[in-house]
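Encoded as structure tokens, here's the structure I'll be asking about.
The values are calculated or read from the model by the stated rules, or taken from the named source; none is laboratory data. Predicted model only: the values in this text are computed from it and were never measured. As a convention, Cβ positions derive from the backbone with ideal geometry for all residues, glycine included, and neighbour counts pool all protein chains shown. Remember, those area values only see protein heavy atoms, side chains included, never the ligands or the DNA or RNA. Shrake-Rupley method; radii C 1.70, N 1.55, O 1.52, S 1.80 Å.
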Amino acid sequence: MRLWLFVGSYYLKYFAIILFALEFFFIGIDSLQYADRFPDAANLILLFFVYDGLYALNYTLPISLLLGLVLFYIAFIRSNQYSALLAIGYSIKQILRPILCINLVLICIFIGLNATPFVYMQEKAQAIIYKDNSTNISENLLVKYNDDYVYFGKINPLLQSAQNVKIFTLTHNELSAVAQAKHALFEHKYWVLHDAISATLPTPLVLGQKGLHIENSALLKTLKGFHPKVLDTIYQNKPAVSITDALRSLHVLYRQHGDTKKVRAFLYVSIFLPFFVPLTAILIARYTPNLARYENLALLSLKFIILSLILWGLFFALGKFSIAGLFYPELGIVLPFGLLCGSALYHYKKLDARL
């Protein structure tokens with residue numbers, strides 16, 4: 001337990017320093033970018049900083065975990081604490097385990113946050129800058145949901161509202177009903193059409209029988225479970241989608257026999273890719289010398305930093321390419337991740353072999 005507290009606190013110190021430095025750098029760059037668009041209200045500016053900082057965690061957290069590990073090992077070796085722990089009987093695996101556990105806990109928390117609206121912090125930050133929310137609005141979408149074809153003149157998934165909505169319901173491949181409204185909101189798993197006009201066609205059409213029935217409704221609940229973020233996931237090129245919304249979209253696409261490649265890529269990126277951090281940490285531990293005189297520590301730290309940035313950039317790029325449809329997600333994401341996982345497990349078994 002003492003080893004865990006000692007190594008864990010030492011590592012967390014460097015991780016926190018790098019994380020805060022990268023967060024402030026990211027927020028500072030974005031602040032310069034939007035400086036001429038800042039609102040006059042101080043509370044909105046503060047909210048922008050909070051949202052922007054949370055959005056930045058998608059980039060700063062993984063790389064901070066790795067760069068913190070590099071600094072930890074360099075400082076540990078330079079102060080001879082690493083060699084001292086090895087000399088009194090602790091193995092390399094025992095020293096590495098607290099770091100891997102910290103990485104896994106933080107990664108699992110991060111993945112859990114990716115299943116919540118945390119993912120949409122960038123949209124919320126931009127909504128403060130672009131007051132009309134125009135960056136979130138999609139126009140002229142025609143989609144199929146179960147037996148309905150739905151047309152949205154304008155839809156704002158972030159506000160969960162839509163304008164000029166028309167719903168065409170088919171029964172046995174024949175048009176049976178039409179509903180339309182100028183304004184609709186997504187509430188409690190239903191789309192609620194305000195001041196809706198619905199027309200029901202008789203099926204089958206028989207001359208002399210009951211004809212077209214038109215009805216006006218103040219509120220009309222329809223399209224149960226058709227979450228507005230599903231549209232964002234499938235039809236728009238958004239930089240991020242929550243795991244929950246991606247699973248909803250995957251369910252809808254499977255039911256409609258649609259192409260699930262983009263949604264699968266979102267899920268692989270959100271669930272699998274963050275674990276490249278502890279896998280890379282194993283590779284770094286494998287090639288860390290026991291004593292300072294065995295390596296040039298400045299050159300060694302540069303090598304580890306370059307390795308961390310290359311792996312992070314590689315998986316980040318493969319994830320983006322897979323989401324864009326350039327690669328099958330299983331080939332662009334799962335296969336490279338599997339290769340890294342196999343390599344890391346192989347090196348983990350060899351950690352104490354060099355003592």
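Taking the chain as a Gaussian network, where each spring joins two C-alpha atoms under 10 Å apart, which residue of L12, L299, L159 fluctuates the most?
In this elastic network of the chain, the residue with the biggest mean-square fluctuation among L12, L299, L159 is L299.
Please report the carbon-and-sulfur percent of the accessible area for region 1-78; probe 1.4 Å, protein heavy atoms only, DNA, RNA and ligands left out. Mind dumping the intermediate values first?
On the way: 2950 of 4100 Å².
Answer for region 1-78: carbon and sulfur cover 72 percent of the accessible area.
Please identify the trypsin sites (Lys or Arg not before Pro) of region 268-355 that satisfy two criteria: DSSP loop assignment and at most 12 other Cβ atoms within 10 Å. Which are they? Intermediate results must be reported in sequence, preceding the final value.
Working: sites: R286, R293, K303, K320, K349, K350, R354; in loops: K350.
Here the trypsin sites (Lys or Arg not before Pro) that fit, given the DSSP loop and packing criteria, are K350.
Based on alpha-carbon positions alone, could you give the equivalent ellipsoid semi-axes of the chain from the gyration tensor, as √(5λ), descending, whole Å?
Numbers: eigenvalues 555, 109, 43 Å².
Square roots of five times the eigenvalues give 53, 23, 15 Å.
Compute the accessible area per residue over region 279-355, keeping the other protein chains in place, probe 1.4 Å, unit Å².
Values: 4210 Å² over 77 residues.
Per residue, region 279-355 has an accessible area of 55 Å².
Sort L57, L331 from largest to smallest accessible area, using a 1.4 Å probe on the heavy atoms of the protein chains.
Details: L57 40, L331 110 Å².
Ranked list, largest accessible area first: L331, L57.
Expected output is a single nm value to one decimal: the length gained when fully extending between L104 and D147, i.e. 0.36 nm times separation in residues minus the C-alpha distance. What is it? Walk me through the numbers before you get to the answer.
Details: separation 43, 0.36 × 43 = 15.48 nm, distance 4.36 nm.
Between L104 and D147, full extension yields an extra 11.1 nm.
Taking only Cα atoms, what is the 0 to 90° angle, nearest 10, from helix 335-349's long axis to the longest principal axis of the chain?
30 degrees
Summing -39500 (n - 2.57) over the DSSP H runs of n ≥ 4 in the chain and dividing by its residue number, what mean residue ellipticity at 222 nm do you reach, to the nearest 500 deg cm²/dmol? Let's see the in-between values first.
Values: 11 runs with 193 residues, N = 355.
Only helices count here, giving -18500 deg cm²/dmol.
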